[in-house]
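Report on the structure given below.
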There are 2 protein chains.
Amino acid sequence: MQSGPGSLILESGAEAATSSFLDDGKNTIASQLVSRLREAIISGQLEAGSKINLDRAKQSFNVSLSPLREALARLISDGLVEFEDNRGYRVSPVSLSNLEEITSLREEFETYALRESMRVGDVEWEGNVMRALHRLNRTERDAAKPETLEQWEAVHREFHLTLISGCRKPLLLSFCKTMLNLNDRYRRTFLTRTSGDRNVSVEHSEIAQGTVARDMEYACDRLREHIHRTGTNLRRHLAEKGIA
Amino acid sequence: MQSGPGSLILESGAEAATSSFLDDGKNTIASQLVSRLREAIISGQLEAGSKINLDRAKQSFNVSLSPLREALARLISDGLVEFEDNRGYRVSPVSLSNLEEITSLREEFETYALRESMRVGDVEWEGNVMRALHRLNRTERDAAKPETLEQWEAVHREFHLTLISGCRKPLLLSFCKTMLNLNDRYRRTFLTRTSGDRNVSVEHSEIAQGTVARDMEYACDRLREHIHRTGTNLRRHLAEKGIA
DNA sequence: TTTTGAAAAATCATCGATTATTTGTCAAGC
DNA sequence: GCTTGACAAATAATCGATGATTTTTCAAAA
């Protein structure tokens with residue numbers, strides 16, 4: 001029986017629901033740790049910029065040193081963890097410039113991947129896009145209920161990844177995934193309440209409609225705006241909290 | 001005293017010469033291994049697609065298991081190594097589609113990064129570009145002397161990275177570095193002789209001249225062509241060796 | 001008061017041994 | 001002959017202990 005924090009149950013539930021893009025329930029301790037640590041960082045449980053003390057982490061995750069080190073080493077790929085010789089691991093810090101770069105790169109990468117998807121994507125991909133949109137629209141997002149926020153994050157991520165999943169460029173997809181991870185950390189940490197001046201549902205629908213209609217200009221423009229608005233929003237919240 | 005293969009001496013020499021973009025001579029075994037393994041993979045010593053037997057690797061690199069596993073885990077970031085639970089690590093395979101994706105992404109990422117560099121790069125960056133160009137032009141590339149090929153690869157890599165180093169987007173730079181690594185493996189493995197139909201020196205000079213003149217259209221067009229030609233070239237060599 | 005430096009504590013890195021999983025082999029059954 | 005399943009060998013994963021490095025502490029000197 002798992003002796004870790006209760007949120008784990010919620011975690012695995014969310015994973016089961018959104019299957020395709022998250023790691024399957026792998027069996028080695030190291031791989032489980034990768035998922036758990038990633039979630040802990042993206043959700044803000046592990047504070048940005050903080051040092052990861054191996055002894056303490058070992059205890060709080062109930063694991064031995066070897067799998068912990070290996071998991072952290074793998075997380076460097078995701079840009080969520082940094083490492084320095086003899087200084088150990090630390091959670092990647094957040095900053096205004098980092099957020100701005102992530103936003104810029106999402107705009108470039110995701111619109112490129114979307115264009116490619118529209119160029120070569122098949123009918124199955126189109127169907128996946130519509131399904132992901134439907135799920136997203138049916139998922140409630142109530143700031144009063146934290147579990148709906150987590151659910152929404154999962155299906156939202158799934159929607160954006162599905163949009164570009166038709167592009168047949170695995171490396172590009174992995175970069176986009178990485179950027180999305182980093183971006184989601186900002187949202188989950190700084191954007192607890194929904195901003196009222198946007199109808200995000202409409203934005204998503206427009207992107208999806210343009211996509212299945214293979215209207216490259218329209219779909220990419222809507223996607224770029226969507227990403228840009230999210231970035232502007234987040235930047236304001238960072239500024240409010242005095243983060244440079 | 002190092003008991004490994006003699007090529008290590010050459011390696012550290014190359015690193016000293018091209019300083020800025022390669023890892024410094026770090027001290028932990030794991031970090032040294034990252035460099036040694038990366039070089040072994042890019043140079044083709046470790047065959048693409050082959051399984052990495054931990055026991056054998058342990059012996060041939062004269063290290064223990066822990067730093068070896070950690071180094072391999074970190075190399076996943078570079079796209080040079082793949083991993084599967086309980087199945088271990090393997091050298092990332094090569095394929096035509098992989099090469100094509102790398103070429104496409106280099107075209108997109110590097111021209112974007114170059115444009116950004118021209119937009120915000122300072123005078124020091126300009127100077128670095130001209131210096132890198134000069135070094136590249138002064139470095140001989142003789143298929144008969146393998147050591148000149150390695151030297152050339154190093155300064156060539158340095159040139160391309162310097163070009164885009166002014167962009168102030170660290171994440172983008174790390175993606176470009178990754179793509180360049182993957183690309184260099186193809187060249188070092190499949191392109192042992194120089195193809196006669198190109199004057200690569202002129203191509204580099206045109207890119208650099210356009211860059212310091214801040215002529216975005218010209219510089220980016222030349223860079224894109226340059227990357228594209230290299231891709232076409234490599235694709236032909238892959239086809240000759242019957243790689244799908 | 002500030003700086004310096006050596007000892008102590010904390011932390012990271014590595015190792016060898018043990019445990020768990022996968023892969024290969026081969027004989028029994030269909 | 002082909003499949004199936006148990007056994008054995010190979011390999012990966014994990015652990016606890018030991019060695020190396022960095023950081024902190026604190027007293028002595030400037």
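The values are calculated or read from the model by the stated rules, or taken from the named source; none is laboratory data. Just so it is clear, the structure is predicted and the values come from calculations on it, not from any experiment. Don't worry about glycine lacking a Cβ; one is built from the backbone with ideal geometry, like all the others, and counts go over all protein chains shown. Quick note on the areas: whole protein, heavy atoms, side chains included, nothing else; ligands and nucleic acids left out. Shrake-Rupley method; radii C 1.70, N 1.55, O 1.52, S 1.80 Å.
For B:THR148, the label point sits 7 Å beyond Cα toward Cβ; its separations from the matching points on the remaining copies run 7.1 nm, from shortest to longest. Relative to the longest principal axis of the Cα atoms of chain B, the long axis of helix B:65-75 makes an angle of roughly 20 degrees. Solvent exposure of the protein assembly as shown amounts to 47 Å² per residue of accessible area, where only protein heavy atoms count and the probe is 1.4 Å.
Ascending distances from the B:GLN45 label point to its copies in the other chains, with the point 7 Å along the Cα-to-beta-carbon line: 4.1 nm.
In straight-distance terms, cross-link reach from A:LYS169 covers every one of the lysines whose alpha-carbon lies under 21 Å from its own, apart from those fewer than eight places away in the same chain; here that gives A:LYS177, B:LYS177.
Taking a cut-off of 23 Å between Cα atoms, list the lysines near A:LYS51, but don't count ones fewer than 8 places away on the same chain. A:LYS51 reaches A:LYS241, B:LYS26. The mean number of Cβ atoms from other chains found within 10 Å of a Cβ in peptide A:95-101 is 2, as a whole number. Distances between copies at A:GLY127, taken between label points 7 Å from Cα along the C-beta direction, are 6.2 nm in increasing order.
Rounded to the nearest 10 degrees, the inclination of helix A:29-42 to the longest alpha-carbon principal axis of chain A is 60 degrees. Within the listed set B:LEU161, B:LEU96, B:LEU171, the Gaussian network model of chain B (springs between alpha-carbon atoms below 10 Å) gives the highest mean-square fluctuation for B:LEU171. Between helix B:200-212 and chain B there is an angle of about 60 degrees, using the helix long axis and the longest principal axis of the Cα atoms.
Residue by residue along A:69-78, Cβ atoms of other protein chains within 10 Å of the local Cβ number 5 on average. Each 5 Å bin from zero holds the following percent of Cα-Cα pairs in the stretch B:133-229: 2, 12, 21, 26, 22, 11, 5, 1.
Once Lys and Arg get +1 and Asp and Glu get -1 on their Cβ, which of B:PHE190, B:ALA57, B:ALA71 lies farthest toward the positive end of the dipole of chain B? The Cα lying farthest towards the positive end belongs to B:ALA57. The A-B contact accounts for roughly 2600 square angstrom of buried accessible surface, both chains included, probe 1.4 angstrom. Its Cα centre serving as origin, the protein assembly as shown has a Cβ charge dipole (Lys and Arg +1, Asp and Glu -1) of approximately 660 debye. For the peptides A:105-118, B:112-125, the ranking by packing is A:105-118, B:112-125, with the highest mean count of neighbouring Cβ atoms within 10 Å listed first.
Counting Cβ atoms of other protein chains within 10 Å of each residue's Cβ and taking the mean over peptide B:168-176 gives 4. Note on chain A: Kirkwood hydrodynamic radius from all Cα pairs is 18.9 Å, rounded to one decimal. On chain B, 50 percent of the accessible area sits on carbon and sulfur atoms, based on a 1.4 Å probe.
Work out, in µm²/s and without decimals, the Stokes-Einstein translational diffusion coefficient of the protein assembly as shown at 25 °C, 0.890 mPa s, Rh from Kirkwood over C-alpha pairs. Here the translational diffusion coefficient equals 102 µm²/s.
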